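What follows is one structure encoded as structure tokens, with my remarks underneath.
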Amino acid sequence: MADAAIPTASHVLNLPHPLQLDGGQSLPGAQVAYETVGTLNAEKSNAVLVFHALTMDQHILSPHPKTGKPGWWAKSIGPGNVIDTDRHFLICANVLGGCMGSTGPASMAPDGAPYAMRFPVITIRDMVRAQVALLDALGIEQLHAVVGGSMGGMQALSFAANWPERTRAALVIASTARHSAQNIAFHEVGRQAIMADPKWKGGDYYGGKGPDNGLAVARMAAHITYLSEEGMHEKFGRKLQDRPDGTKGEKTFGFDAEFQVESYLRHQGLSFTDRFDANSYLYITRAMDYFDLAEEHGGRLAQAFAGATARFCLVSFDTDWLYPTMESRTIAHALNAAGAPVSFVELSAPFGHDSFLLDVPALDRVIAGFLGQ
Amino acid sequence: MNGLRPDLAIIAQNVAPSSRALDVGCGDGALMAELRDTRQVDARGLELDPHNVALCVGKGLSVMQGDADADLADYPDASFDYAILSQTLQTTKRPDQVLDELLRVGRKAFVSFPNFAHWKVRASLLWNGRMPVTRLLPIAWYETPNIHHVTVRDFRELVAQKGYRVEGEWFLLGDKRIGPAAAAWRAEHAVFLLSR
């Protein structure tokens, strides 16, 4: 594979200082696991910080260590590709609270036992703080750009609003400046599913079987919000699963996964439990629910960007009902009101919220054009 | 002006350097890029077609996807020195209201449009009794985006009614500038600079 030629490396940084968190607590000895792709130039001016979404991780290019699947943005990364590794040095860090090497609820607390629910509740800004500390450690004062989709977009917005001098550009895809009641509601269904699983045990399940059933249901509910009604209809319709012996599926008047959509969701839920920690899911969804960029800045979103000098680009998708176009427009208007250079585009794609991860040529053009500047 | 459309070239030559301009219906951003690169203008754009927005982003331009009828309302009063509307007025639902919005958002406004009273258009109607299909109006009546055809005289009258001032006017026949004499029927294309 040509990817072998792209310098890719995995690292873990021990943060030199305790992280001061929005919740008032201080987190000592935190670690940040990150992947780098490409080569940092001598001026350290070509770095692009990629923020990952809720259930992704730092593996943007390298295969996922648990699933063996290619990195979640591998299709777009490479020499001359949408994200051009000949020009840019990519950094992607597992978020604080995550479960792929950065400190989270599954990590050992100073007393030698896993934090579990003793882990402090964190915010999107706390996740960004940890990554700013990473940039400090790497000696990168100003990024070429920050980029993120969904929760990654929230981090990109938080970064550009709170550390405006540290990036020259911000690309925010399928995201929002605050979680809506509906967003919070869906997350709460997921959290309750986890907590209702007897194997959750108040979060103290490490060393034994975790609340896989609850986590799988959480993933199933969330996964529905990532797809469009039209996309689901096209993919599954009312089609029935073939029987295990290969004969055509028929209704059995029972409760097995007969519809293909049921079978698909169950598979999504189950496979998720192989790679994700249930407590991490609780903490990260909580951080997203707390996200309200305007609230952090006196209730006015434009105020959040008062010091912003970066170029901004916001992209939404017409079938995304999780973070609909209106959310991106609101951000773009706030940036306009703050006088920041901002572009906004709503792209047409059939895949709902997930469009930001899938094959949408129009998105590739926007990303390549914006980062190529 | 390396290949800039003639009406855009006229606008580019008459925008004050280092000003702020909003190009409404900016297309692929040719005018904005010209204004930025040769006159240090802080140019912003509004464009309906996402493909065009992507092209603009690729040129480092700042463009919002949106349309003249609905989305000008989001811009504060006098936030630009110029609002520019080139070959778009005749496609809007309410050209009169769009004109008001242009001169609310911009202190001055450039408006360019194909002149529906050009003699070829008149001849087509007079001799053939048909809606014209010409170089500047190349699409048949049933599918043209030009839903509000306007003539130089109509436009002047609307401007006068609204009490706006004409600060400059330019007329084009093909790619050539022509004088204002008999422009009402000789000009294929008109460019106006207006102020409140």
Next on the checklist: I'm checking my understanding of the structure. Among residues of region A:290-312 that are in contact with a strand residue (DSSP E or B) (Cβ under 6 Å, 6 or more places away or on another chain) and of a type in the set (D, E, K, R), which one is nearest to A:L171 (Cα to Cα)?
Outcome noted: A:R311
Item to check | Hey, B:S124 closer than 15 Å to B:H189 by Cβ and either more than 14 Å from chain A (Cβ to nearest Cβ) or out of contact with any helix residue (DSSP H, G or I) (no Cβ under 9 Å at 6 or more places or on another chain) (or both) or not | outcome: no
Next on the checklist: Tell me whether region B:81-95 contains one or more residues that are touching a strand residue (DSSP E or B) at 6+ places or on another chain (Cβ under 6 Å) and under 30 Å from A:H144 (Cα atoms).
Outcome noted: no
Next on the checklist: If I go through region B:131-146 residue by residue, how many of them are surrounded by 11 or more Cβ atoms within 10 Å (Cβ to Cβ) and in contact with a helix residue (DSSP H, G or I) (Cβ under 7 Å, 6 or more places away or on another chain)?
Outcome noted: 3
Checklist outcome for this item: Those residues of region A:294-336 which are part of a loop (DSSP other than H, G, I, E, B) and over 24 Å from B:G60 (Cβ atoms) amount to A:A294, A:G298, A:G299, A:R300, A:D318, A:T319, A:D320, A:W321, A:L322, A:Y323, A:P324
Item to check | Lone unmet requirement of (1) surrounded by fewer than 19 Cβ atoms within 10 Å (Cβ to Cβ); (2) assigned to a loop (DSSP other than H, G, I, E, B) for A:F276 | outcome: (1)
Checklist entry - Does any residue of region A:343-353 turn out to be among the acidic types (D, E) and more than 8 Å from chain B (Cβ to nearest Cβ)? => result no
Checklist entry - Which one is farthest from A:F272 (Cα to Cα), of the residues in region A:33-74 that are among the aliphatic types (A, V, I, L, M) and in a strand (DSSP E or B)? => result A:A47
Checklist entry - Which of the residues spanning region B:126-141 are of a type in the set (D, E, K, R) and either under 21 Å from the mean Cα position of the chain (by Cα) or modelled with pLDDT of 90 or more (or both)? => result B:R135
Checklist entry - Out of all the residues in region A:354-373, which are of a type in the set (D, E, K, R) and more than 7 Å from chain B (Cβ to nearest Cβ)? => result A:D354, A:D359, A:D364
Checklist entry - Do you know which residues across region A:140-165 are over 17 Å from A:H88 (Cβ atoms) and more than 14 Å from the chain's Cα centre (by Cα)? => result A:A160, A:A161, A:N162, A:W163, A:P164, A:E165
Checklist entry - What number goes with the only condition from (1) under 17 Å from A:P164 (Cα atoms); (2) of a type outside the set (S, T, N, Q); (3) in contact (Cβ under 8 Å) with a residue 40 or more places away in the chain that A:A306 does not pass? => result (3)
Next on the checklist: With the requirement that a residue be within 13 Å of B:A9 (Cβ to Cβ) and either crowded, with 18+ Cβ neighbours inside 10 Å or touching a strand residue (DSSP E or B) at 6+ places or on another chain (Cβ under 7 Å) (or both), what does region B:34-52 give you?
Outcome noted: B:E34, B:L35
Checklist entry - Just one of the numbered conditions (1) in contact (Cβ under 8 Å) with a residue 12 or more places away in the chain; (2) surrounded by fewer than 17 Cβ atoms within 10 Å (Cβ to Cβ) is not true of A:L301; which one? => result (2)
Next on the checklist: Show the residue pairs meeting these rules: Cβ distance below 9 Å; 6+ apart or different chains; first residue within region B:129-157 and farther than 20 Å from B:A181 by Cβ; second residue acidic (D, E) and outside any helix (DSSP H, G or I).
Outcome noted: B:T134/B:E188; B:R135/B:E188; B:L136/B:E188
Checklist entry - Consider B:L31 against the criteria (1) more than 14 Å from every other protein chain (Cβ to nearest Cβ); (2) over 26 Å from A:L347 (Cα atoms); (3) of a type outside the set (F, W, Y): it satisfies all of them except one. Which criterion is unmet? => result (2)
Item to check | Elements of type strands (runs of 3 or more DSSP E) in region B:34-98, at least 3 residues being more than 9 Å from every other protein chain (Cβ to nearest Cβ) and under 14 Å from the mean Cα position of the chain (by Cα) | outcome: B:80-86
Next on the checklist: If I ask for residues that are more than 24 Å from A:E262 (Cα to Cα) and surrounded by fewer than 18 Cβ atoms within 10 Å (Cβ to Cβ), which ones from region A:199-235 would you list?
Outcome noted: A:K201, A:G202, A:D204, A:Y206, A:G207, A:G208, A:K209
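The values are calculated or read from the model by the stated rules, or taken from the named source; none is laboratory data. Worth saying up front: this structure is predicted, and the values here are computed from it rather than measured. We place every Cβ from the backbone using ideal geometry, glycine too, and count neighbours over all the protein chains shown.
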